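*Asks:* Sending over a structure as structure tokens; questions will come in a sec.
The values are calculated or read from the model by the stated rules, or taken from the named source; none is laboratory data. Owing to the predicted nature of the structure, the values given are computational and were not obtained by experimental measurement. Please note: Cβ atoms are built from the backbone with ideal geometry, for glycine as well, and neighbour counts cover all protein chains shown. Calculation scope for accessible area: heavy atoms of the full protein, side chains included, ligands and nucleic acids excluded. Shrake-Rupley method; radii C 1.70, N 1.55, O 1.52, S 1.80 Å.
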Amino acid sequence: RRGSTHSRLGGACCGWRAMIQQAHYSQAVDQINAIGNFYRLSIQQAQLQWLAADAQYLAQAGQPGLVRENYEWAADHYRKAVALGAHPTPLMNERWGLAALALGQPDLGIEKLEAAAVTEPEILSAHARALVAAYIATGNLPRARAVVERLLNNPGPQPLTVDDRAWALCKNIELALATRSATDDALIRAVSAASAALKTI
């Protein structure tokens, strides 16, 4: 019986994922809410929470402006999914982190984006500016600079665009100025790296 219920949930999840892929977010959430109580196992509830979170996150991604409720619902559903036993993937952590940043929660945003970037370096390159801004907002300038240096040294499978590299080099100098100690070695290294990069552009 339990296996039968799992099978039915699997089929329903496929249908809801198809709705989400086709941007029918409200319809997917309505259906998940309508029959969610039928699935009692924690792992089933975790799957439903995760699907609802993805739908809310993607619904907001298609909006021209910030609709806080969408991000609030997405973050809450992700939290509930993990509490019910879901194991976060880099994609979940990325979306959860961006939702948290949009909601003015830099500490949570940092935690989730850093977790996502551990196994997916391209996530760091995609959201480095937001992550650096979050570290600066929390007053952690050394960690902000560490993100910039990671980006410059290991951008992921794709090289940085000229714009991203220019931003990173300038931000590295800015943060080196803000965090320099009795010696200026960090600043000298940052300026030298920028000078070397300019010769290749």
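*Asks:* How do the pairs read when you match residues in segment 102-121 that are under 23 Å from Gly65 (Cβ atoms) with residues anywhere that are among the hydroxyl-bearing types (Ser, Thr, Tyr) and open to solvent by less than 50 Å² (accessible area, probe 1.4 Å), using Cβ under 6 Å and keeping only pairs 6 or more apart or on different chains?
*Replies:* Correct list of pairs: Ala102/Tyr71; Leu103/Tyr71.
*Asks:* Would you point out which residue out of Arg165, Arg95, Arg145 is part of a helix (DSSP H, G or I), open to solvent by 60 Å² or more (accessible area, probe 1.4 Å) and among the charged types (D, E, K, R)? Let's see the steps before the verdict.
*Replies:* Numbers: Arg95 fails: open to solvent by 60 Å² or more (accessible area, probe 1.4 Å); Arg145 fails: open to solvent by 60 Å² or more (accessible area, probe 1.4 Å).
When all the criteria are applied, what remains is Arg165.
*Asks:* Of the conditions (1) modelled with pLDDT of 90 or more; (2) within 22 Å of Thr119 (Cβ to Cβ), Gly139 fails just one. Which one is it?
*Replies:* Unmet for Gly139, out of (1) modelled with pLDDT of 90 or more; (2) within 22 Å of Thr119 (Cβ to Cβ): (2).
*Asks:* Tell me, which residue of segment 146-169 that is farther than 14 Å from Leu131 by Cα and of a type in the set (Val, Ile, Thr) is nearest to the chain's Cα centre (by Cα)?
*Replies:* Looking at residues that are farther than 14 Å from Leu131 by Cα and of a type in the set (Val, Ile, Thr), I get Thr161.
*Asks:* Given the criteria open to solvent by less than 60 Å² (accessible area, probe 1.4 Å) and in a helix (DSSP H, G or I), does Ala116 qualify? Outline the logic, then answer.
*Replies:* Working: open to solvent by less than 60 Å² (accessible area, probe 1.4 Å): yes; in a helix (DSSP H, G or I): yes.
Judged against the criteria, Ala116 is a match.
*Asks:* Do we have Ala46 as touching a Leu at 6+ places or on another chain (Cβ under 6 Å) and touching a residue at least 40 places away in the same chain (Cβ under 8 Å) here? If you could, list the steps in order and put the result at the bottom.
*Replies:* Details: touching a Leu at 6+ places or on another chain (Cβ under 6 Å): yes; touching a residue at least 40 places away in the same chain (Cβ under 8 Å): yes.
Yes; evaluated as a whole, the condition is true for this residue.
*Asks:* Restricting to segment 35-92, what's the tally of residues that are of a type in the set (Gly, Ala, Ser), over 20 Å from Ala117 (Cβ atoms) and either in contact with a strand residue (DSSP E or B) (Cβ under 8 Å, 6 or more places away or on another chain) or not in a helix (DSSP H, G or I) (or both)?
*Replies:* Start the filter on segment 35-92 by keeping residues that are of a type in the set (Gly, Ala, Ser), which leaves 36, 42, 46, 52-53, 55, 59, 61-62, 65, 74-75, 81, 83, 85-86.
Now drop any that are not over 20 Å from Ala117 (Cβ atoms), which leaves 36, 42, 46, 52, 55, 59, 62, 65, 81, 83, 85.
From the residues that got through so far, the ones that are either in contact with a strand residue (DSSP E or B) (Cβ under 8 Å, 6 or more places away or on another chain) or not in a helix (DSSP H, G or I) (or both) too are 62, 65, 85.
Residues meeting the conditions: 3.
*Asks:* Can you name the residue in segment 168-184 that is of a type in the set (D, E, K, R) and part of a loop (DSSP other than H, G, I, E, B) and is also least open to solvent (accessible area, probe 1.4 Å) among such residues?
*Replies:* We begin by selecting, within segment 168-184, every residue of a type in the set (D, E, K, R); these are 171, 174, 180, 184.
Filter once more, so that each one left must be part of a loop (DSSP other than H, G, I, E, B): 180, 184.
Values: Arg180: 120, Asp184: 70 Å².
The selected residue is Asp184.
*Asks:* Further question: With the structure loaded, tell me whether Ala126 is out of contact with any Gly (no Cβ under 7 Å at 6 or more places or on another chain), under 20 Å from Ala61 (Cβ atoms) and open to solvent by 40 Å² or more (accessible area, probe 1.4 Å) or whether it fails that test.
*Replies:* When the stated conditions are applied, Ala126 passes them.
*Asks:* Could you say which residue among Ala130, Ala144, Ala126 is modelled with pLDDT of 95 or more and under 28 Å from Asp54 (Cα atoms)? Walk me through how you get there before you give the answer.
*Replies:* On the way: Ala144 fails: under 28 Å from Asp54 (Cα atoms); Ala126 fails: modelled with pLDDT of 95 or more.
That would be Ala130, the only listed residue that is modelled with pLDDT of 95 or more and under 28 Å from Asp54 (Cα atoms).
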